[in-house]
Amino acid sequence: MGKQSNQFFKVSLLVISLFVLGACSSTSETDESSGDDSQSSSSSSSGSASSSAGSNSGQLTQEQIRAQNALRQTVFYFDFDVAEFQPADRETLTYHARDLAANPSKRLRLEGHADERGTREYNLALGERRANGILNYFIVNGASRSQIEVVSYGEERPEQSGQTENAYSRNRRVEIVAR
Amino acid sequence: MKLRTSLLGALICLCSWSANAELSIQITQGVDNPIPIAVVPFSNESGGFFSEDVSQIVINDLEQVGEFRALSRANMLSMPSGEQEVFYRDWRILAQDYLLVGEINQQPGSQLVQVQYEFFDINREMKLAGEVLTGSVTQLRDIGHTISNVVFEQVTGIPGAFTSEILYIVSESAGPEMSLFRLEKADYDGARPQTLLESGEPIMSPSWSPNGQDVAYVSFETDLPRIYIQNIATGQRRQITNYPNINSSPVWSPDGTKLAMVLSKDGSPDIYVQDLNNNQLMRITDHPAIDTEPSWTPDGRHIVFMSDRTGQPQIYQMELGANSYNVERLTYDCFQCAKGKFLPDGLNLVHVRRETRQSPTYQIAILNIETLRVITLTGTSLDESPSVAPNGSMIMYATKFNGRGVLDAVSIDGRVKFRLPSSQGDVREPSWSPFLN
């Protein structure tokens, strides 16, 4: 008898959680569609996005998924001796810029870093140059200067210690930090 | 993580009792024909026990930074403590060029000691120097270094720097994603370390004032890099700058009235000079490239700095008060040259050098700006932050050894080397004091 009531318990728990999940997704769907409206007013590639929203009312659009994923990436890595961000990051950074443009009250901080090779003070300046590169890209793509703070830590706050190329590559970065 | 680090950042303490880095000196390279000197253990006339062996301190000083080799005590034929007991033949037989003897007296019940020393040239059979030094029993180490200064100057003609001190930064892991940073001061050989500042946020660029009383540095304790000045004896500190963006690289002028610094408030890092009396800020460089790492020529009339205005870091010089276009380039043959600082002779520029694009190795080198000859002083490959001894004879710098940050020192002809590894954490950014009283 104990085993049977256990099973019943488990099944009802499963059913309840499914209901809860369903409720959650419908809430987020409402949020996403209102976000989608503001996106469509500002971006030119939203034509396809709104039409697919019409056909898939219960799920996120491709564009929304791309945007969400892009906003989740907050660390950008750089090549040695280089202050410009990698071309492969351009699309992701554009999403960040548009997100700032769409949400004028949103604030963030760009923290620039360098690997330990070279002198410390040059690395402090290099970290700032990297962060400024991303700052300028954000402004050109619609963000407002007042939304973004820039700080450089040079080589003083490495993500990974050690003298390997792998460690160095993890330290040459700019981090986006919410404020 | 952000909240945790800012809470730690609030933990700024001026402590002298917390665990220090404990640098222990190691000689890594000596000369081929060292000058033979005999240092006889100083006699102890008071019958008590002293915490410091003064004659051993002198031996260590001379062997570490000079070109001396001390005679082993076991080989000594006699143990004189004063001139009347010295027989030059005893020392000529042992092929010694110089002899140092002495005696220490402490009055019973007193903290005062009297150290009498006498220094002899064996070949010319004459006394070169001698005096009585008085101090407290806790100053025996300082007395030893003072005697080393005299011996060194008598033999080489160069004033000794054994009573000088160093500042440096220690960085230690304090847990996952947390570090502890300390600004410490110690004797030139790493003895008697003292913590001047402790912080959960980075500290950079310590710089001694020319009178040896203050230190300027960069602290990230407000989460942003700002310049502070702290009195070494009292621990009193004040924030000097609060400009937007980078505030870094504070360096005192030779007359102690001004601080050169790097500010990026006007778009890119440039060199500025702030007058410490009236807080007036003077702009020195005006260029969209990175201009950083200022230092002063010994006459105080020029600023030396690094700029990457031609694409890669090179070293330049500018006269204070001149037009910002009037910039003279000093380095040409390197892929990157940085952190330039003149020796007291105003002729030799010590700097960090990377020879080629292909090889990212950084070494300490000296460029003579008249002959244009370059000597590379180091064989390691991640060298930075060279700092010159006040007598211009040695350069201390930061490097990596077995993955740890250590301090190395090398004589300016590259022949003598010693190392100051730390017992804990990474040590870096040494700053050698001026001559101290």
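Each value in this text was obtained by applying a stated rule to the coordinates, not by laboratory testing. As the structure is a prediction and not an experimental result, all values here were calculated from the model. Note that each Cβ is placed from the backbone with ideal geometry, even for glycine, and that neighbours are counted across all protein chains shown.
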For this session: Select from B:T380, B:T285, B:T195 the residue whose mean-square fluctuation is largest in a Gaussian network model of chain B (Cα-Cα springs shorter than 10 Å).
Result: B:T380
For this session: Grab chain B and count how many Lys pairs have their alpha-carbon atoms under 22 Å apart, sequence gap of 8 or more, or different chains.
Result: 12
For this session: Run the quick spin-label model on B:Q26 and B:S136: label points 7 Å from Cα toward the beta carbon, then report their separation in nm to one decimal.
Result: 3.5
For this session: Provide the per-residue ³J(HN,Hα) series for segment B:258-275, in order, calculated from phi with Karplus coefficients 6.51, -1.76, 1.60 and θ = phi - 60°, each as a whole number of Hz, with x at glycine and proline positions.
Result: 9, 10, 7, 7, 10, 10, 10, 5, 9, x, 8, x, 10, 8, 10, 10, 9, 6
For this session: Rounded to whole Hz and in sequence order, give me ³J(HN,Hα) for segment A:128-133 from the Karplus expression 6.51 cos²θ - 1.76 cosθ + 1.60, θ = phi - 60°, writing x for Gly and Pro.
Result: 5, 4, 5, 5, 5, x
For this session: Mind listing the long-range amide H neighbours of B:H302? Cut-off is under 5 Å, sequence gap 5 or more, other chains count too, H placed in the peptide plane at 1.01 Å from N.
Result: B:T297, B:L320
Exercise. Can you sort B:M306, B:M76, B:M318 so the residue with the fewest Cβ neighbours within 10 Å comes first?
Worked result: B:M76, B:M318, B:M306
Problem set entry | Fewest-first sequence of A:V140, A:V75, A:V174, B:V374 by Cβ atoms within 10 Å of each Cβ | A:V140, A:V75, B:V374, A:V174
Problem set entry | Contact order relative to length of chain B, as percent, for alpha carbon pairs under 8 angstrom and 6 or more apart | 14
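Taking the square root of 5 times each eigenvalue of the Cα gyration tensor, what semi-axes in Å does the equivalent ellipsoid of segment B:229-300 have, largest first?
21, 15, 10
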Problem set entry | Overall form of segment B:369-437 per C-alpha gyration tensor (a/c, 1.5; a/b vs b/c) | oblate
Problem set entry | Residues B:I366, B:I93, B:I395, sorted so that the one with the fewest Cβ neighbours within 10 Å comes first | B:I93, B:I366, B:I395
Problem set entry | Gaussian network model of chain B, Cα within-10 Å springs - most flexible of B:Q312, B:Q84, B:Q29 | B:Q84
Problem set entry | Gain upon complete extension [B:L347, B:D333; 0.36 nm per residue less C-alpha separation] | 3.3 nm
Exercise. Using a Gaussian network model of chain B with C-alpha springs under 10 Å, which one of B:G405, B:G414, B:G379 is most mobile by mean-square fluctuation?
Worked result: B:G379
Exercise. What per residue convex hull volume, in Å³, comes out for segment B:18-148 when only alpha-carbon positions are used?
Worked result: 130
For this session: Compute from the Cα atoms of segment A:66-178 the Rg and the Dmax, the latter being the longest Cα-Cα distance, and quote both in angstrom.
Result: 13.7, 42
Exercise. If you stretched the chain out fully between B:S46 and B:T234, how much longer would it get, using 0.36 nm times the residue separation minus the C-alpha to C-alpha distance?
Worked result: 64.2 nm
For this session: Measure nothing fancy, just the Cα-based angle from helix B:54-65's long axis to the longest principal axis of chain B, in degrees from 0 to 90, nearest 10.
Result: 50
